[in-house]
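First up is the structure itself, then whatever we jot down about it.
The values are calculated or read from the model by the stated rules, or taken from the named source; none is laboratory data. Since this is a predicted model, take the numbers as computed values, not measurements. Virtual Cβ from ideal backbone geometry, glycine too; neighbours counted across all protein chains shown. Calculation scope for accessible area: heavy atoms of the full protein, side chains included, ligands and nucleic acids excluded. Shrake-Rupley method; radii C 1.70, N 1.55, O 1.52, S 1.80 Å.
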Amino acid sequence: MRINLEKIINLRNTSTHFVTEDYEAIFAPVFQSCVVNYVNELLRFHNRDVSNYLNRSSLTLTTNIKELSNEQIKAKYPDEIAQKLIFTKNDIDVTKKIEDSNKFAITVRHELVITKDQNKANFSVKINKDAENDIAIVKELKDPADIFKFS
């Protein structure tokens, strides 16, 4: 937990000069872990469960992660910012491998896969207007960033 907070403090201390939109992809697992650490420590020290006050789903960070390669970072940013971003990305990746703990970083990943084996599914849907979890067939993929210009 200490290392998790040190990385977040370091980001805060450099944020006026080096934070870019791509830090979201790098720091999302670290921030998610920090949220979980806070919830657990609040419960441990003060016997307060945050879920009594907040919906658990609001404690899961959602991000628009589109991780860039080092070459893409260099092409997108000036040299000083690119070098700092690449260093930070590598530092977080190495620390994740060394720590290998959810107290440092938690990667939240959602994958939707079509399967006919219900044992492999976390939830199921039907293409039916009367189904509880209804879906539609997607014929064309659209990037939400192109449709919804303002965040």
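What the table shows:
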| read-out | value |
| --- | --- |
| Zone residues, the range 87-117, relative to Arg44, backbone N less than 13 Å from point 7 Å out along Cα-to-Cβ | 102-104 |
| Within-12-Å neighbourhood charge of Ser69 [Cβ basis; K, R +1; D, E -1] | +1 |
| Estimated 222 nm signal from helices in the chain, with DSSP H stretches of n ≥ 4 weighted -39500 (n - 2.57), rounded to 500 | -15500 deg cm²/dmol |
| Cα-based reach from Lys116 at 29 Å (exclusive), listing lysines while leaving out same-chain residues under 8 positions away | Lys126, Lys129, Lys139, Lys142 |
| Computed lengthening from Ser101 to Ser58, 0.36 nm per intervening residue step minus Cα-Cα distance | 13.3 nm |
| Tilt relative to the chain, helix 79-99 - C-alpha long axis, 0 to 90 degrees, to 10 | 70 |
| Net charge dipole size for the chain [Lys, Arg +1 and Asp, Glu -1 on Cβ; Debye, nearest 20] | 280 |
| Highest-first arrangement of 98-108, 66-76, where packing means the average Cβ count within 10 Å | 98-108, 66-76 |
| Percent accessible area from carbon and sulfur atoms, the range 53-113, protein chains only, probe 1.4 Å | 51 |
| Charge-dipole axis of the chain as Lys and Arg at +1 and Asp and Glu at -1 on Cβ define it, positive-most pick from Phe148, Leu54, Asn90 | Leu54 |
| Positive minus negative residues near Ala82 (Lys, Arg vs Asp, Glu; Cβ under 12 Å) | 0 |
| Positive-end residue, the chain charge dipole about Cα centroid, Cβ charges, pick of Ile137, Asn13, Cys34 | Cys34 |
| All lysines inside 21 Å of Lys96 as judged from Cα atoms, apart from same-chain residues fewer than 8 positions distant | Lys7, Lys66, Lys84 |
| The range 42-82, dipole about Cα centre (Lys/Arg Cβ +1, Asp/Glu Cβ -1), debye to the nearest 20 | 300 |
| Calculated P(r) of the range 1-118 - Cα pairs past 18 Å, % | 59 |
